[in-house]
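The values are calculated or read from the model by the stated rules, or taken from the named source; none is laboratory data. Note that the coordinates shown come from a computational prediction; the quantities given were computed from them, not determined experimentally. Note that we place each Cβ from the backbone using ideal geometry, even for glycine, and neighbour counts take in every protein chain shown. Side chains included, ligands, DNA and RNA excluded: accessible areas come from the protein's heavy atoms. Shrake-Rupley method; radii C 1.70, N 1.55, O 1.52, S 1.80 Å.
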Amino acid sequence: MNIIILGPPGAGKGTQSARLVAEKGLVQLSTGDMLREAVAQGTELGQEAKAIMARGDLVADSIILGLIREKLLEPQSRQGVILDGFPRTVAQAEGLEAMLAELGQKIDVVIELKVDEAALLKRIETRISQGDTARSDDTPEVLKKRLKVYHDQTAPILPFYQARGLVQSIDGMDGIDTVADAINTIIAKQGNA
Ligand code: AMP
């Protein structure tokens, strides 16, 4: 089963994806994690991506599709993948569809985590006031930018997947366990849980 977990920054995509890896044996493909690893290793891609990520913009579609292609070709991805933070543009969604078709596969469901953005901003401001910020893109300014980028460039992939009947939306502001239950229910309905 191949799942996309979609939602604005801070919606809990990473948390829920990690849980699905532990509980369902899916392989998590997080383009954000891949890029952060490249930055940490100081690769050419990392050097290119660093400033783009720090200001909350998107890395080029061709680069992202190249990263995902490599991972999808790995044998363990055949168990099913959970895509976290990808696709983020319609071009990426189209590229993904073509790649999966080549592999005789498809996306089974897109789970949209809906959030209250004002509450997200408040959450990040509280974390920072407590001196608790782990990432350089974890500031109110960059979060605002990332939310804008989400609306402008990522939200348009919702109609793309709605047209294919794949979108299931849930309230991402609920507690982690409640969100997890809602996701499990959706996956169970796909007949594969
Ligand atoms: P994330 O951890 O998914 O929020 O990603 C952190 C940052 O990495 C984003 O703000 C972007 O700069 C970059 N990034 C991650 N995934 C993608 C993607 N699919 N397309 C373009 N840029 C991405």
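Taken over the chain, lysine pairs spaced eight or more positions apart, or on distinct chains, with alpha carbons under 23 Å apart number 28.
Give the Debye-formula value of log10 I(q)/I(0) at each listed q (0.23 Å⁻¹), with one equal scatterer per alpha carbon of segment 64-116, two decimals each. At q = 0.23 Å⁻¹ the computed log10 ratios are -0.96. The shape of segment 1-82 can be summarised by an equivalent ellipsoid whose semi-axes, obtained from the alpha carbon gyration tensor, come to 23, 16, 11 Å from longest to shortest. Averaged per residue, the chain has 50 square angstrom of accessible surface, using a 1.4 angstrom probe with ligands and nucleic acids left out.
The Kirkwood hydrodynamic radius of segment 100-193, based on inverse pair distances between different Cα atoms, is 15.7 Å. Computed over protein heavy atoms with a 1.4 Å probe, the carbon and sulfur contribution to the accessible area of segment 1-136 reaches 51%. On the basis of the beta-carbon distance and an R0 of 45 Å, Arg78 and Gln162 show a calculated FRET efficiency of 0.95. The slack between Leu100 and Ser62, meaning 0.36 nm per residue of separation minus the straight C-alpha distance, is 12.1 nm.
Normalising the average separation of contacting C-alpha pairs (under 8 angstrom, six or more residues apart) by the number of residues puts the relative contact order of the chain at 32 percent. Overall, the anisotropy analysis places segment 20-127 in the oblate class: the square-rooted eigenvalues a ≥ b ≥ c of its C-alpha gyration tensor yield a/c not less than 1.5, with a/b not exceeding b/c. Placing a label point 7 Å from the Cα of Ala119 along the Cα-to-Cβ line, the residues of segment 146-188 whose backbone N sits under 12 Å from it are 171-176, 179.
Per residue, the convex hull spanned by the alpha carbons of the chain comes to 121 Å³.
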